[in-house]
Structures are given as C-alpha cells and as structure tokens.
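Working notes for the structure below.
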Amino acid sequence: MVFRSLFLAFLCAASSGFAQSVEFTPEEAREVAIAAVNAGDFATAHQLSDVLLQRNAKDVSALIVRARVAIALGDFEDAETLAGSAFSLSSNEHVRFAAARVVALAHANQNEFTRAQFWLRRARQVAPDADARALAAQDFRIVAARNPLSVSFSFGISPSNNVNNGSSNSRVVAPDWANFLKSFLGSSAVVGDVVDLSAGSQAIKGFNIQAGLSLGYTLGQTPTSRTTLTFGASANQVVFTAAEKAANPTIDPRAYSTQSLSFGLDRVWAADDGGYYAISPEVSQVWYGGSILQQSLALDAKRFWAIDERNGFTLLPRYELTRYPASSDQSQAFGVSAQWQHVLETGGRLGFDVTTSKVSAKDPLKASFGGGISVSYSHPAPVFGLDISGTVGQSWRRFEGWNGGAGTRSDATFNIGLDVAAPKAEIYGFVPVMSLSGSATQSDRDLYDKTVTSIGLNFRSAF
C-alpha cells in the first residue's frame with residue numbers, strides 16, 4: 001500500500017488501449033488497481049476500484065485506491081470521505097497509515113493545512129514501522145512550512161512543596177516597619193520580637209495545574225524574512241493537598257492562581273554572515289488571584305551569529321514597561337542576555353547563559369538590579385530509551401527597599417532542572433516529558449528565604 005510521498009505533484013499518464021474481457025479474483029483486482037494508481041493509470045484504477053466497491057462497499061483497499069483517484073481528479077472532498085471510511089473500517093496498521101495520509105493530502109490540496117497536520121499525527125500514531133513514522137514526520141514538516149497558522153497547546157500538573165511562593169521560615173525577627181507587620185504578620189509585635197509567620201506567608205504544599213495556548217499567523221514570508229502575528233494565553237490553577245487544605249481552611253488556593261494573555265509581532269530576517277536578526281514587540285496582561293496584577297509592553301531583540309558548524313552566539317536585549325493598576329505605579333526594566341551554544345564532538349549540546357537586568361521604579365520593592373549565569377546540557381543519545389537534558393544556574397538580585405522601609409534586600413537563588421523525555425511513549429507525535437526542578441533562595445531578610453521543588457509532566461512535539 002506504499003505510494004509516492006505526499007504533496008509531490010501527481011503526474012496523470014494518458015492511457016490508451018483496446019477493449020478486452022479479463023477476469024480477476026478480488027485479490028488480483030486489488031493488486032492491479034494499486035499498481036495502476038501507483039503508475040498514474042487512474043482510469044484503470046477508477047474502474048477496478050468501483051467494481052470492488054460494488055462487490056463490497058467496505059473493501060478498504062478499494063476505498064483508498066478510489067480516494068487517490070479522486071485526488072488526481074481534483075475531487076478532494078470525496079477523497080476525504082473515502083479514505084476516512086477506510087481508516088475507520090480497518091484495524092490494519094498499514095491500511096490505516098495509508099488512509100490517514102490520503103486524508104491529509106486531500107486537506108492539504110484544499111489549503112486546510114491544520115486539518116492535514118491533525119491527520120498526519122494520526123498517521124504517525126498508527127505507523128507500522130520506523131520508516132513509516134519518519135515519512136509521516138516528513139509530510140508534517142512539508143505541510144507546516146506551507147501553513148500560515150501555527151498552534152501549540154500545553155498542559156501539565158506539577159506537585160510542588162511551595163505553590164504560594166511562601167517563606168521556608170516559620171518565624172522571623174520583627175522589623176521596625178509597621179506596614180510590614182500589617183501586611184505580612186498581622187501582628188502588633190514589638191521590634192526585635194521573634195514572630196510566627198501567618199500560614200499564608202509560609203510555604204504551602206499542593207499542585208500547579210497549568211494550561212497554555214500559543215498561536216502564530218504568518219503575515220508575510222520571503223526566502224530571507226518572516227513576519228508573524230502571535231497570541232498567547234496561559235493559566236495556572238493552584239490546588240492544595242488534602243492535608244494543607246485541612247490545616248488552612250480559611251485560605252483560598254485560588255488567591256494564588258494566575259492567568260495571562262499576550263499579543264505580539266515577530267519579525268525575523270537573515271543576516272549576511274549566516275546568522276539572523278529578530279525583533280518582537282508584545283503587550284500582555286497578568287491576573288493574580290482574580291485581579292489584574294500588571295499590564296506590560298515589552299520589546300525583545302535578538303541577534304544570532306553562526307560562528308561555525310559547532311558554535312553559535314546569541315545576544316538578546318530586552319526592554320519592558322510595566323503598569324500596576326492596583327497601586328497606579330509603573331516600572332521600566334532593561335536587560336540583556338548573552339548565550340553561547342556549543343555542539344560537542346559526541347553530539348551533545350552545551351550552553352552558557354549570562355544575563356543582567358535593572359528595574360527602575362518609584363516603589364523600592366520593585367526597583368532592583370541583578371544578574372545570573374546558567375549552564376545547560378543535552379545528552380546526545382538516549383539513556384535507557386530516555387532523552388535527558390538539564391540546567392543549573394545561580395542568580396543574584398538587590399532591591400532598593402524592603403516593604404517601604406529603610407534598607408535594602410539582597411537575594412541569591414540557586415536553580416537546578418532536569419528534563420527526561422520518553423520518545424517510546426509518544427502519543428500522536430507528542431512526547432511526554434517529566435520535568436524536575438528545584439530552587440533555593442537565601443536572602444538577608446528571613447521572610448524571603450525559600451525553597452521550591454516541583455515535578456511536572458508535559459508534552460512536546462516530536463517534529
């Protein structure tokens with residue numbers, strides 16, 4: 001049931017012959033019909049497939065042949081119906097794979113590229129062997145290159161020891177700022193007292209349930225440039241464990257949930273040295289606990305240099321103007337990140353990232369300066385069938401104030417992450433990825449000492 005790769009032009013061969021009487025068994029008729037459609041003899045394939053379908057309307061091989069003839073004749077809707085029926089009727093992987101690719105081809109010929117991609121994922125799911133899986137991925141890339149619309153979904157559930165970003169300390173020394181006492185401690189403590197933090201200020205165990213949608217629409221494209229309109233939406237719903245819920249009945253986990261929306265424009269164009277430039281303005285809004293937390297206007301730029309076949313360097317400057325409706329305050333952030341990517345002789349990938357940023361704001365709680373470094377590594381070959389990559393980093397940040405009082409605050413945070421992907425557990429072209437992450441923050445203000453550990457499960461596209 002193998003036929004020429006999808007999305008190459010069908011060559012309609014004109015056939016001539018003479019009338020004669022030939023008898024075939026159904027098996028022979030199928031073989032001849034398949035050979036005819038492969039050779040471009042659509043008249044013969046049409047005739048034989050029609051005879052087979054008159055004999056048995058559920059003849060899946062005849063349905064596929066007839067669908068391919070319909071595509072050659074430009075009857076794409078009929079091709080969808082015929083091949084879709086073959087896919088539904090058969091339990092044979094070879095038949096279902098061929099049928100799914102024909103349906104995808106029919107959609108692609110009608111410029112229904114997203115629906116074609118859906119059927120190619122179905123083809124990948126039922127592919128009988130590695131070669132067929134690779135062919136489905138190849139077809140998918142061909143369609144994706146022609147599709148102006150890109151769609152990406154994400155969903156994950158992550159257990160965490162700190163879903164509310166609370167302090168790892170249960171008590172702190174009371175500072176000399178009444179505003180701090182009112183907002184965090186809810187206490188009339190005397191300066192110097194050791195005060196127990198409220199339950200809501202301490203780390204709470206639970207789950208982060210995350211979902212996201214990203215859309216991109218190509219407005220224009222040339223061999224050396226592309227302009228894409230982007231949209232993003234995400235939500236993180238916090239759920240406490242049963243024990244934490246029982247211990248904190250007055251705390252609503254929804255108070256720590258977040259949602260965001262963003263709209264942007266990506267402009268990418270090639271550089272003469274083999275690298276490229278990119279610029280991406282974006283507007284966004286974030287909700288926290290059901291109320292608007294911030295509204296932002298950001299401008300990201302990117303310059304990539306391909307140093308050689310194994311080394312690349314990226315520079316990423318960023319500017320962001322943020323407004324906080326609750327306080328009518330605003331901030332401006334300037335930052336830059338430098339990244340070096342290196343491919344090892346073993347095939348593994350090594351990355352180094354150095355970043356720095358400054359936030360200017362009237363509110364000293366927001367005004368800050370900081371930076372960080374990180375190292376990432378992707379292993380070149382599966383380990384026990386698993387793809388492994390990880391990152392480790394250290395960051396520092398100094399704030400100009402602490403809750404409106406005199407003095408500064410300095411934090412140092414250590415981060416570590418590990419991603420483990422299972423290609424053999426792929427579902428419809430999506431590979432499950434387990435992410436383990438941890439961070440520890442040491443601050444010169446006890447309240448901000450915290451540790452966060454999380455285990456997440458998500459999916460990424462295999463192609």
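The values are calculated or read from the model by the stated rules, or taken from the named source; none is laboratory data. Since the model is a prediction, treat every value here as computed from it, not as a measurement. Cβ placement follows ideal geometry from the backbone for every residue including glycine, while neighbour counts extend to all protein chains displayed. The area values use the complete protein model at the heavy-atom level, side chains included, leaving out ligands, DNA and RNA. Shrake-Rupley method; radii C 1.70, N 1.55, O 1.52, S 1.80 Å.
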Subset of the stretch 339-367 (residues that are surrounded by 14 or more Cβ atoms within 10 Å (Cβ to Cβ), more than 26 Å from the chain's Cα centre (by Cα) and not in a strand (DSSP E or B)): Asp363, Pro364, Leu365, Lys366, Ala367
Number of the condition not met by Gln54 [criteria: (1) free of Cβ contacts under 8 Å to residues at least 12 places away in the same chain; (2) touching a Leu at 6+ places or on another chain (Cβ under 6 Å)]: (2)
Tabulated pairs, the stretch 382-402, first over 24 Å from Val359 (Cα atoms), second open to solvent by 60 Å² or more (accessible area, probe 1.4 Å) and at pLDDT below 95, C-beta under 7 angstrom, 6+ apart or interchain: Gly385/Lys424
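Would you check if there is a residue in the stretch 371-379 being out of contact with any Pro (no Cβ under 7 Å at 6 or more places or on another chain), at pLDDT 95 or above and assigned to a loop (DSSP other than H, G, I, E, B)?
Filtering the stretch 371-379 down to residues out of contact with any Pro (no Cβ under 7 Å at 6 or more places or on another chain) leaves 371-379.
With at pLDDT 95 or above added as a condition, the list becomes 371-379.
This time we only want the ones that are assigned to a loop (DSSP other than H, G, I, E, B), so: 379.
Yes, some residue in the stretch 371-379 is out of contact with any Pro (no Cβ under 7 Å at 6 or more places or on another chain), at pLDDT 95 or above and assigned to a loop (DSSP other than H, G, I, E, B).
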Residues located in the stretch 161-202, provided they are modelled with pLDDT of 55 or more, part of a helix (DSSP H, G or I) and out of contact with any Phe, Trp or Tyr (no Cβ under 6 Å at 6 or more places or on another chain): Ala199, Gly200
Those residues of the stretch 298-316 which are open to solvent by 60 Å² or more (accessible area, probe 1.4 Å) and touching a Ser or Thr at 6+ places or on another chain (Cβ under 8 Å), in sequence order: Leu299, Lys302, Trp305, Leu315
Selection within the stretch 421-438 - farther than 25 Å from Lys450 by Cβ, open to solvent by 30 Å² or more (accessible area, probe 1.4 Å), part of a strand (DSSP E or B) and aliphatic (A, V, I, L, M): Ile427
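Considering Ala421, Ala406, which residue is aliphatic (A, V, I, L, M) and at pLDDT below 95?
Numbers: Ala421 fails: at pLDDT below 95.
On inspection, the qualifying residue turns out to be Ala406.
Consider Arg30 carefully, then state whether it is farther than 26 Å from Glu112 by Cβ, charged (D, E, K, R) and either at pLDDT 90 or above or buried (at least 16 other Cβ atoms within 10 Å of the Cβ) (or both).
On the way: farther than 26 Å from Glu112 by Cβ: yes; charged (D, E, K, R): yes; either at pLDDT 90 or above or buried (at least 16 other Cβ atoms within 10 Å of the Cβ) (or both): yes.
Against the criterion (farther than 26 Å from Glu112 by Cβ, charged (D, E, K, R) and either at pLDDT 90 or above or buried (at least 16 other Cβ atoms within 10 Å of the Cβ) (or both)), Arg30 qualifies.
Hey, could you check the stretch 383-403 for residues that are touching a helix residue (DSSP H, G or I) at 6+ places or on another chain (Cβ under 7 Å) and of a type outside the set (Asp, Glu) and say which is modelled with the highest pLDDT? If you could, list the steps in order and put the result at the bottom.
Let us first name the residues in the stretch 383-403 that are touching a helix residue (DSSP H, G or I) at 6+ places or on another chain (Cβ under 7 Å), namely 385, 387, 403.
Within this subset, residues satisfying the condition of being of a type outside the set (Asp, Glu) are 385, 403.
On the way: Gly385: 93, Asn403: 62.
Looking at residues that are touching a helix residue (DSSP H, G or I) at 6+ places or on another chain (Cβ under 7 Å) and of a type outside the set (Asp, Glu), I get Gly385.
Among strands (runs of 3 or more DSSP E) lying entirely in the stretch 203-283, which contain 2 or more residues that are of a type outside the set (S, T, N, Q), more than 30 Å from Arg146 (Cα to Cα) and open to solvent by less than 50 Å² (accessible area, probe 1.4 Å)? Outline the logic, then answer.
Values: elements: 206-222, 225-240, 258-270.
Correct list: 225-240.
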Matching residues in the stretch 114-131 - criterion: being open to solvent by 10 Å² or more (accessible area, probe 1.4 Å) and among the aliphatic types (A, V, I, L, M): Val126, Ala127, Ala130
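Go through the stretch 56-81 residue by residue and tally those that are more than 22 Å from Pro26 (Cβ to Cβ), of a type outside the set (Gly, Ala, Ser) and in a loop (DSSP other than H, G, I, E, B).
Total satisfying the criteria: 2.
Considering only the stretch 322-338, state which residues are aliphatic (A, V, I, L, M) and open to solvent by 40 Å² or more (accessible area, probe 1.4 Å). Break it down into steps so the answer makes sense when it comes.
Taking the stretch 322-338 and keeping what is aliphatic (A, V, I, L, M), we get 326, 333, 336, 338.
Once the filter is applied, which keeps residues that are aliphatic (A, V, I, L, M) and open to solvent by 40 Å² or more (accessible area, probe 1.4 Å), the stretch 322-338 yields Ala326, Val336.
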Residue among Arg55, Arg66 that is out of contact with any strand residue (DSSP E or B) (no Cβ under 9 Å at 6 or more places or on another chain), surrounded by 14 or more Cβ atoms within 10 Å (Cβ to Cβ) and not aliphatic (A, V, I, L, M): Arg66
Some residue of the stretch 440-458 being surrounded by fewer than 15 Cβ atoms within 10 Å (Cβ to Cβ), in contact (Cβ under 8 Å) with a residue 12 or more places away in the chain, assigned to a loop (DSSP other than H, G, I, E, B) and of a type in the set (A, V, I, L, M): no
Every residue from the stretch 85-113 that is assigned to a helix (DSSP H, G or I), open to solvent by 60 Å² or more (accessible area, probe 1.4 Å) and closer than 14 Å to Ile142 by Cα: Asn109
Single unsatisfied condition, Tyr319 versus (1) open to solvent by 80 Å² or more (accessible area, probe 1.4 Å); (2) within 23 Å of Phe369 (Cα to Cα): (1)
Residue check, Ala326 in contact with a strand residue (DSSP E or B) (Cβ under 9 Å, 6 or more places away or on another chain) and part of a loop (DSSP other than H, G, I, E, B): yes
